[in-house]
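Shown next, in structure tokens, is the structure this report addresses.
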Amino acid sequence: MKDALRKHSLLDKEVHLRGWVHRIAKFKDKVFIILRDSTGIIQCVVKKDLAKEETFRKAKQLTLESSIAVKGIVVADRRAPGGREIHVEDIKVFQVAEPFPIRESAVKSNSEFLLDVRHLWIRSRKMQSILKVRDTIFKAIHEYFRSHGFYEVQCPMFVTAAVEGGATLFEVKYFDRKNVYLTQSAQFYLEALIYSLEKVYTVAPSFRAEKSRTRRHLTEFWHAEMEMAWAGLEDIMKIAEELIEYIVKKVLDERLEELTFLGRDIEKLEEVKAPFYRLTYDEAVEILRKKGFNIKWGDDFGADEERALTMEFDKPILVYGYPEKAKAFYHRNDPKRPETTLSVDLLAHEGYGEIIGGGERIWDAEELVAKIKRFGLDPKDYQWYIDLRRYGSVPHAGFGLGVDRTVMWICGLKHIREAIPFPRDIRRITP
């Protein structure tokens, strides 16, 4: 709607538009309607002395979020949003909405209320802008992987063993079976699929029963995961850099207007170009200690540590070589330094922290069984996963990208709940 009306060829032409009343101002002789559809907003003016009496009466009855169709003439007016407005000749009313429950005061002061009415709040221009950026990010993920020879695959949501630790499993009732859970990651199935397709990826929900209330945790989140045969740590670090650079460039190319509306600092996104900064885990620990953090070697980094670390850099950083106890059992230990793993986290700058985690996988059966036991797990729970190492095993590596965290970072949002249409966390399961 809005893009077409910006074209000079439509000036003084009749147009037909449909949408919802985003804003309305009623005066004695005029009604100003800001009409919204999926493309944006346009100002429509109903003048008493020009419109039919019935048209003016309908306009006077309209409320916020009423659904209407208008017919009118496109007129240039620099005071109107986008420099164009519609002088309305006729209105068709589909429904006059009941009083809309979201008021300006709630928008500024009551985030919990906006979560309660999320089914209505997604109509806001802020959420519309976020959702458009989100759409472009998903599109960019698919474009990148498909253009680099990856096959898209699908993996099960019901699983019987933990990928990221048993404490965060969601157990579900599955007929008369016990020990069935929602998936934490598609990784194990992607590893199986590389023996057929070599380079695979999937974009799907993952579930983590984390009792966390931080600004970057959800219990249900969207996960873009890849796995590649004949690959090592350096290979996936390069792909991670390329993928993030591609996503950011795609958003800047297609969603600059939305980013500007959200108040995003565009210059900071323009700096996101490979190669990114690279730090060993040891180097990261030293930086954090100098910044006053009492962190012991072997500790994983939390949100505070990642925030402090990334504020030191002007684009994302790759931290690699985490200690064994800081990473899951499937990470391959570095043969040159066995107490560490061939793992990597990509941390978004500006304080946003980890958006990608991955590494080389153990590809020797005996080594894998030994590490499963070392982590206090039962090899019987991972029998089919161990089998993959018995029939033509190869070196391989992969990573998972948290899409919602990526949306949060690129949009410059304060909380991950803003990055997804209907968020799920420890406190919220509706709407």
Legend entry - Cβ-placed point charges (K, R +1; D, E -1), dipole of the range 213-293 about Cα centre in debye, nearest 20: 540 debye
Inset, instruction - Can you tell me the relative contact order of the range 325-427? Whole percent, Cα pairs under 8 Å, sequence separation 6 or more. - result: 23 percent
Legend entry - Relative contact order (%) - criterion: Cα under 8 Å, at least six apart; region: the range 184-324: 19 percent
Legend entry - P(r), alpha carbons of the chain - 20 Å bins starting at zero, rounded %: 22, 47, 23, 7, 0
Inset, instruction - For an R0 of 51 angstrom, estimate the FRET efficiency from the Cβ-Cβ distance between Val15 and Met157 and round to the nearest 0.05. - result: 0.65
Legend entry - Rough spin-label spacing in nm, given labels placed 7 Å along Cα→Cβ, for Lys92 and Leu50: 2.2 nm
Inset, instruction - Using the charge dipole of the range 30-75 (Lys, Arg: +1 at Cβ; Asp, Glu: -1 at Cβ; taken about the Cα centre), state which of Ile68, Phe32, Leu50 has its Cα farthest towards the positive end. - result: Leu50
Inset, instruction - Compute the acute angle (0 to 90°) between the alpha-carbon long axis of helix 281-290 and the principal axis of greatest extent of the alpha-carbon atoms of the chain; round to the nearest 10°. - result: 70 degrees
Legend entry - Heavy-atom accessible area ranking, 1.4 Å probe, most first, across Asp176, Asp404: Asp176, Asp404
Inset, instruction - Please tell me the relative contact order of the chain in percent, rounded to the nearest whole number, where contacts are Cα pairs under 8 Å and at least six residues apart. - result: 13 percent
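Considering only protein heavy atoms, what per residue accessible area in square angstrom results for the chain with a 1.4 angstrom probe?
Details: 21110 Å² over 431 residues.
In whole numbers, the chain has 49 Å² accessible per residue.
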Legend entry - Length gained when the stretch Asp314-Asp253 is fully extended (0.36 nm per residue, less Cα-Cα span): 19.9 nm
Inset, instruction - Return the single residue from Val200, Val96, Val248 with maximal mean-square fluctuation; model: Gaussian network over the chain, springs between Cα atoms under 10 Å. - result: Val96
Inset, instruction - With springs only between Cα atoms under 10 Å apart, run a GNM on the chain and tell me which of Lys139, Lys71, Lys178 wobbles the most. - result: Lys178
Inset, instruction - Quick one: angle between helix 125-147 and the longest Cα principal axis of the chain, in degrees between 0 and 90, rounded to 10, please. - result: 40 degrees
Inset, instruction - Please identify which residues in the range 123-164 have an amide N closer than 14 Å to a label point set 7 Å out from the Cα of Ala274, following the Cα→Cβ vector. - result: 141, 144-150
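How many percent of the accessible area of the chain is carbon or sulfur, using a 1.4 Å probe? Intermediate values should be presented prior to the final figure.
Values: 10840 of 21110 Å².
That fraction is 51 percent.
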Inset, instruction - Rank Pro421, Pro335, Pro323 by mean-square fluctuation in a GNM of the chain with C-alpha springs under 10 angstrom and give only the top-ranked residue. - result: Pro335
Inset, instruction - With a point put 7 Å past each Cα toward its Cβ, work out how far Arg307 is from Asp282 in nm, to one decimal. - result: 3.0 nm
Legend entry - Ellipsoid semi-axes in whole angstrom, largest first, where each is sqrt(5λ) of the Cα gyration tensor of the range 142-298: 30, 24, 20
Legend entry - At most 15 other Cβ within 10 Å, DSSP loop - trypsin sites (Lys or Arg not before Pro), the range 331-401: Lys336, Arg390
Inset, instruction - Please determine, in degrees from 0 to 90 and to the nearest 10, the orientation of helix 187-197 with respect to the longest principal axis defined by the Cα atoms of the chain, where the helix direction is its Cα long axis. - result: 80 degrees
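The values are calculated or read from the model by the stated rules, or taken from the named source; none is laboratory data. Because the structure is predicted, anything quoted here is derived from the model rather than measured. Every residue, glycine as well, gets a Cβ built from its backbone with ideal geometry; the counts of neighbours run over all protein chains shown. Only protein heavy atoms, including side chains, enter the accessible area calculation; ligands, DNA and RNA are left aside. Shrake-Rupley method; radii C 1.70, N 1.55, O 1.52, S 1.80 Å.
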